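The values are calculated or read from the model by the stated rules, or taken from the named source; none is laboratory data. For clarity, every value in this text was computed on a predicted model and none was experimentally measured. Glycine gets a Cβ as well: all are built from the backbone with ideal geometry, and neighbour counts include every protein chain shown. In case anyone asks, the SASA skips ligands and DNA or RNA and just uses the protein heavy atoms, side chains included. Shrake-Rupley method; radii C 1.70, N 1.55, O 1.52, S 1.80 Å.
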Amino acid sequence: MPPIVALVAPPGRATQRPARRGLVLAIILAVQLMVVLDATIVNIALPGIAAALHFSPANLSWVITAYTLAFGGFLLLGARAGDLLGRRRVFIAGIAVFTIASFLGGIAPWSGWLLAARALQGVGGALAAPSALALLMTMFRDGQERVRAIGWYTAVSIGGGAIGLILGGLLTQWASWRWVLFVNVPIGIVVIVLARRLLTETPGRNGHFDVRGALTSTMGVTALAYGFVRAATSGWGDMITMAAFAVGAVLLVTFVLLERRASEPITPLRLFADRSRSASYVARLFLTAGMFGMFFFLTQFLQDVLHYSPLTTGLAFLPFTVALFAMSQLSARGLVHRFGAKPIMVVGFSVSTLGMLLLTQLSASSDYVSLLAPLMLFGAGNGLAFVPLTSTSLSGVRQEDAGAASGLVNVMQQLGGALGLAVLVSVFGTAARGAAVQSVVAAQRAFVAGADHAFIAGTLFVAATVVVLVVAIRGRRAGARAAAVPSWVRELDATTTTAMEA
C-alpha cells in the first residue's frame with residue numbers, strides 16, 4: 001500500500017539544475033516503485049512461499065502482516081527521524097535497510113527467517129517513505145513543476161501496482177518466488193548510489209523521539225494479531241491465545257497513557273478531537289481490514305483452486321486496478337465537488353460492500369467470470385470514496401500537525417489491514433478445520449469453506465465502514481469542507497488516488 005505522507009517541505013531553497021532535479025525525481029519514483037511492487041508482488045508469490053517454506057494457511061498471513069505491522073508501527077517514527085536527523089540521511093538509511101532485508105528474505109531457508117526479513121523491510125520502508133515525498137516537495141516548489149512531479153508520482157503508484165501484479169507472476173512462474181524479493185536489491189543499490197551523489201541534505205532540528213510510543217503501539221497490535229492467528233490453529237480457549245490478547249490490550253492502554261503525557265508524542269491525541277476526522281480513521285481501519293483479506297484469499301483461490309499460473313493470477317486483478325483508477329479520477333474531478341464528501345463515501349463503500357458480498361458465493365466450481373464483477377465493484381467503490389475519505393481525515397488539521405496527521409492515515413491503513421487479516425485468518429482456520437479431510441479435492445473444498453467464512457467477515461468489516469460514515473461523519477457540502485481543507489491536503493489528494501490498490 002503506497003504510503004501517505006504530508007507534503008510539507010522543510011525550509012530551504014531548491015537550487016538544483018533542471019537535469020539534476022530530474023534525476024532526483026527519478027530516485028524518488030524508484031523508491032515509490034519499490035514500495036508498491038513489494039506490496040503486490042508478495043501477494044502473488046504466497047502459494048509458492050507456502051510450499052517452499054512449509055507455512056500453514058494461518059501462519060502464511062504473517063508474510064504480509066510482518067511487513068505491514070513494522071511499516072505502520074514505525075512510520076511516524078521514521079517521519080520524525082527525517083525531521084530531526086535530516087531527510088537525506090534517513091532516506092538513504094531506510095533504503096539500505098530495505099535492500100538488505102530484501103536480500104535476506106530472498107535467501108530465507110526457513111519461515112522464521114523470512115518473517116524477520118519482512119519485518120525488517122517494513123522498518124526500512126517506514127524510514128524511507130516519509131522522507132521520499134518530502135524531498136520531492138522540497139525540490140519542486142513552483143506550482144507547475146510541483147504538479148508535474150506529483151503527476152509522475154501518482155502515475156508510478158498506479159502503474160506500479162499493476163506492474164507488481166504482472167512482474168510477480170512472471171518472476172514466480174519463470175524463476176522463483178525468491179525473486180519477488182531479490183528484485184528490490186539492484187534497484188536499492190542504484191538508488192543509494194545516486195542519492196548519495198545527488199540529494200541535498202535538509203537541516204535537522206532539536207527534538208525527541210517518542211520511541212516508547214512507537215514500541216508499545218507496534219508490540220500491542222502485534223500481540224493482538226498473534227492472538228487472532230493463534231486462535232485459528234489452537235482455538236480461542238488456548239492459554240497462549242488469551243495471554244496474547246491480554247498483553248496486547250495492556251500495551252495499547254500503556255501507549256495511550258504515554259501519549260497523553262509525552263511532550264512530543266508520536267501520535268498527538270488532539271487529532272482525534274474532531275468527530276468526523278476520528279470517524280474517518282475508524283472507517284479506514286475497517287475498510288483495510290476487509291481488503292487485505294480479500295487479496296490474501298483470492299490469490300490462493302486463483303492458484304490453488306482454479307489452478308491459475310502466477311502470471312495469470314496477476315493479470316486477473318487488473319480489472320480491479322482499472323476500475324479503481326477510473327473512478328478515483330471521476331470522484332476527484334467532479335463528483336465530490338457536486339455532491340459532497342459524505343454521500344460519495346457512503347455510495348462508494350456501499351458498492352465495495354456489494355463486491356465483497358458477491359465473493360461469498362464462490363465455490364470450487366467457480367470460474368473467472370464469477371470474480372470479475374466483485375473485483376470491478378470493489379475497485380470502483382474504493383476509487384469513488386477514497387479521495388474524500390483522505391480529505392476528511394486531514395481537513396482542519398493545523399500545519400504543525402500535518403506530518404503526524406498524514407502519517408496517522410497510513411498507520412491506520414497498515415495496522416487495520418494487519419489486524420483485519422489476522423481476524424479473517426482466524427475465521428478461515430476455524431471453518432476450514434471442520435471441513436478438512438485427507439484428499440486433494442476435500443482440501444480444496446475445505447479452503448473454499450474457510451475462505452467463504454472469511455469473505456463474510458470481510459463483508460461485515462466493509463459494511464461497518466459504511467455504518468461509521470453514516471452515523472459519525474457530519475454531512476457537510478463539498479464547498480464547506482473544501483474551505484476547511486488546507487492547501488497541503490489538496491495537494492496530497494493528487495498522490496493518494498491509488499493508495500488502496502495494494
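Figures for the structure shown
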item	result
Flag if residue 180 is within 17 Å of residue 42 (Cα to Cα), at pLDDT 75 or above and touching a Phe, Trp or Tyr at 6+ places or on another chain (Cβ under 7 Å)	no
Helices (runs of 4 or more DSSP H) (entirely within the stretch 273-362) containing at least 3 residues that are buried (at least 20 other Cβ atoms within 10 Å of the Cβ)	275-300, 310-316, 318-330, 341-359
Qualifying residues in the stretch 363-376 (those that are in contact (Cβ under 8 Å) with a residue 60 or more places away in the chain and not in a helix (DSSP H, G or I)) - the one surrounded by the fewest Cβ atoms within 10 Å (Cβ to Cβ)	367
Residue in the stretch 208-217 that is closer than 15 Å to residue 249 by Cβ and either touching a helix residue (DSSP H, G or I) at 6+ places or on another chain (Cβ under 8 Å) or surrounded by fewer than 16 Cβ atoms within 10 Å (Cβ to Cβ) (or both) present	yes
Residue that is nearest to residue 415 (Cα to Cα), among those in the stretch 51-75 that are part of a helix (DSSP H, G or I) and open to solvent by 20 Å² or more (accessible area, probe 1.4 Å)	74
Any hit, the stretch 194-207, residues being surrounded by fewer than 18 Cβ atoms within 10 Å (Cβ to Cβ) and among the small types (Gly, Ala, Ser)	yes
Residue identified as part of a helix (DSSP H, G or I), within 30 Å of residue 48 (Cβ to Cβ), more than 20 Å from the chain's Cα centre (by Cα) and at pLDDT 90 or above among 103, 98	103
Qualifying residue in the stretch 37-50 (condition: more than 30 Å from residue 449 (Cα to Cα) and at pLDDT below 85)	yes
Residue match in the stretch 381-392 (condition: at pLDDT 85 or above, open to solvent by 20 Å² or more (accessible area, probe 1.4 Å), over 22 Å from residue 278 (Cβ atoms) and touching a Phe, Trp or Tyr at 6+ places or on another chain (Cβ under 8 Å))	no
Which numbered condition residue 134 fails, given (1) open to solvent by less than 10 Å² (accessible area, probe 1.4 Å); (2) modelled with pLDDT of 75 or more; (3) among the small types (Gly, Ala, Ser)	(2)
Failed item in (1) closer than 17 Å to residue 180 by Cα; (2) surrounded by fewer than 24 Cβ atoms within 10 Å (Cβ to Cβ); (3) at pLDDT 95 or above, with residue 111 passing the rest	(3)
Candidate set: the stretch 445-472, residues that are of a type in the set (Val, Ile, Thr) and open to solvent by 10 Å² or more (accessible area, probe 1.4 Å); chosen: the one modelled with the lowest pLDDT	448
Residues located in the stretch 201-240, provided they are among the polar types (S, T, N, Q), over 23 Å from residue 118 (Cα atoms) and touching a Gly at 6+ places or on another chain (Cβ under 8 Å)	202
